[in-house]
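A.B. asks: Below you'll find the structure I mean.
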Amino acid sequence: MISLPFKAHFGAHFTYAGGFFLWAWTLFLGMASVGLATEFAITIMGPRFISFFLIPWILVNVSVATLPHDLQPWIYRYGVAMPFYNVGRIIRTIIFDTKNEIGRNMGVLLGWTGMSIFTICLATWLFRRESVNAHRKGVGENEYDAPERMAKEAEQV
């Protein structure tokens, strides 16, 4: 229990147990949304170039996480859509009993997670299709030759 030494008071807005489990679920969703977006970048760019995505991704997320949306300069108004900002808002509601916008914040985190899962699946499918077509081209087959080849083999028998 990492929170016990810090004496985090999870019972400000919910019961202590409810606040703790909501806090744990929030951290899980936050790490899933950030981690899956990073995984999508690895799928697209490859592991060698991940630092070109990871450093701006961390800067964009952390730069909006400290101040409330109304106090930020206009250039940081994109922050309401960033995962770290929404994780911070949920944790402030759980521990300090601030304005309850947990539904919206959880929706943003779930949206990032769902979008990242979809884009990882799409990118994996596209790259796999590209590699299979390159292999078939190297062997001398075409992706659309299968029905014609099967018809020719049936005629030969």
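A.B. asks: Taking +1 at the Cβ of each Lys and Arg and -1 at the Cβ of each Asp and Glu, which of Leu54, Ala37, His13 sits farthest along the dipole of the chain towards its positive end, judged by Cα position relative to the Cα centre?
C.D. replies: His13
A.B. asks: Along the stretch 54-59, what does the Karplus equation 6.51 cos²θ - 1.76 cosθ + 1.60 (θ = phi - 60°) give for ³J(HN,Hα), rounded to whole Hz, x for Gly and Pro?
C.D. replies: In residue order, the calculated couplings are 5, 5, x, 4, 5, 4 Hz.
A.B. asks: Near Lys152, which lysines are there with a Cα under 17 Å away, not counting those fewer than 8 places off in the same chain?
C.D. replies: Output for Lys152: empty list, no partners.
A.B. asks: With springs only between Cα atoms under 10 Å, which of Leu54, Leu126, Leu110 fluctuates most in a Gaussian network model of the chain?
C.D. replies: Result: Leu126 has the largest fluctuation of those listed.
A.B. asks: What ³J(HN,Hα) values, in whole Hz, does the Karplus curve 6.51 cos²θ - 1.76 cosθ + 1.60 give for the stretch 107-114 when θ = phi - 60°, with x put for Gly and Pro?
C.D. replies: Rounded to whole hertz, the list is x, 5, 5, 5, x, 4, 5, x.
A.B. asks: Here's another thing I want to ask about it. Longest span of the chain, sites excluded, free of GluC sites (Glu not before Pro) in DSSP loop with at most 16 other C-beta atoms within 10 Å?
C.D. replies: Working: sites that count: Glu101, Glu141, Glu143.
Longest stretch, sites excluded: 1-100.
A.B. asks: Another question about this same structure. Could you name the lysines in cross-link range of Lys7, using Cα to Cα under 29 Å and dropping any fewer than eight places away on the same chain?
C.D. replies: Lys99
A.B. asks: How much of the pair distance distribution for the chain lies past 21 Å, counting alpha-carbon pairs only, in percent? Don't jump to the answer; show the numbers that get you there.
C.D. replies: Numbers: 7434 of 12246 pairs.
That fraction is 61 percent.
Where a number appears in this text, it was derived from the coordinates with a stated rule and is not lab data. Quick caveat: nothing in here was measured; it's all calculated off a predicted structure. We place every Cβ from the backbone using ideal geometry, glycine too, and count neighbours over all the protein chains shown.
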